[in-house]
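Computed from the coordinates by the stated procedures, all read-outs in this text should not be read as laboratory data. Since we're looking at a predicted model, the values are computed, not measured. With ideal geometry, Cβ positions are generated from the backbone for all residues, glycine too; neighbour counts draw on all protein chains shown.
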Amino acid sequence: MMWLFLLSDTFTFGALLISYGTIRVSQPYWPDPNHVYNAFPLMGHADLPLAFVSLMTFILIMSSVTMVLAVHEGHKRNRAGVEKWLLWTILGGFMFLGCQAWEWTHLITGSHPVLIDGVVKEIGTTISMNPFGPAVPGLMHDGHQVTVPGPIGFGSFFFGITGFHGFHVFSGVMLNILMYFWTRGGRFDRLGHYEMIEKVGLYWHFVDLVWVFVFLCFYLI
């Protein structure tokens, strides 16, 4: 049953990413990821392209490693080992979600000068507004380059797809929390196996794998 669910989810994410790619190649201009994703918490206005999302990716990959270790301990029926590595996986999941929340907040509340209907306005990134359009030659505002609005599809696809993936990460964290309490309560010892840990592990690895494609499509290309 888990494999069928993962297969259907693969088609869903595949359709979303293909739609994104289709819209992106149809546009004459698309925001440069090195410019859009160049912020880092507590670093002020330092220009650090893709540094923060690389940290997010590292956190998620490491959580996949700890999930492998939890499954391995389950094969040995080592309850303490399963509990330990599940806790690390849960922590990794929450850290990733916290990072994503910061990134969303930074994009939404960010202030960028954009020329709209002949007036320079400072806006952030939303599903209907994209401040990362082409630069207006020779026009500056408070020391910053003024742009025109970029493709609307940028915000809707970014928040839609990363939000959908974030929901999967949150669901995985909740499942791992459930597995932790079931393990702590001795449920799997009474059953004589830790098969559910392995099934939840498959889901967690799937979520990590999907992020690799999201990272590639939105942040690298």
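So what is the relative contact order for the chain, in percent, with contacts set as C-alpha pairs under 8 Å and at least six apart?
After rounding, I find 24 percent.
Counting only residues at least eight positions apart within a chain, or on another chain, the lysines with an alpha carbon under 25 Å from that of Lys84 are Lys76, Lys199.
The structure shown yields P(r) over Cα pairs in 5 Å bins from 0, in percent, and of the options (1) 1, 6, 13, 16, 16, 13, 10, 8, 6, 4, 3, 2, 1, 0, 0; (2) 1, 7, 13, 14, 13, 10, 8, 8, 8, 7, 6, 4, 2, 1, 0; (3) 1, 7, 14, 20, 19, 16, 12, 7, 3, 1, 0, 0 that calculated value carries the label (1).
Which Cα, out of Val65, Pro49, His35, lies furthest along the positive dipole direction of the stretch 1-111 (beta carbon charges, K/R +1, D/E -1)? With unit charges placed on the Cβ atoms, the residue in question is Val65. In whole angstrom, the stretch 1-104 maps to an equivalent ellipsoid with semi-axes of 33, 23, 9, each derived as √(5λ) from the alpha carbon gyration tensor and ordered largest first. Taking label positions 7 Å along the Cα-Cβ direction at both Ile123 and Phe181, the computed distance is 4.4 nm, reported to one decimal. Across the stretch 88-188, the relative contact order, built from alpha-carbon pairs under 8 Å that are at least six residues apart, equals 26 percent. DSSP beta bridges fully contained in the chain are about 90 percent antiparallel. Label separation (Ile221 vs Ser54): 2.1 nm, computed from points 7 Å beyond Cα along the C-beta direction. Working from Cα positions, state the angle (0 to 90°, nearest 10) between the long axis of helix 79-109 and the longest principal axis of the chain. In the chain, helix 79-109 runs at an angle near 10 degrees to the longest axis.
The label-point distance for Phe164 and Gln27, in a model that sets each label 7 Å from Cα toward Cβ, rounds to 1.7 nm. The residues Phe52, Phe58, Phe170, when put in order of fewest to most other Cβ atoms within 10 Å, stand as Phe58, Phe170, Phe52.
The Cα center of the stretch 152-190 and the Cα center of the stretch 55-111 differ in position by 10 Å. Anisotropy class assigned to the stretch 104-221 is prolate, per the alpha carbon gyration tensor with a/c at or over the 1.5 cut-off and a/b larger than b/c.
If one takes the longest principal axis of the Cα atoms in the chain, at what angle in degrees, from 0 to 90 and to the nearest 10, does the Cα axis of helix 51-75 lie? Between helix and principal axis, roughly 10 degrees. What relative contact order, as a whole-number percentage, does the stretch 132-197 give when Cα pairs under 8 Å and 6 or more residues apart are counted? Relative contact order of the stretch 132-197: 19 percent.
Principal-axis analysis of the Cα atoms of the chain puts helix 153-184 at an angle of about 20° to the longest axis.
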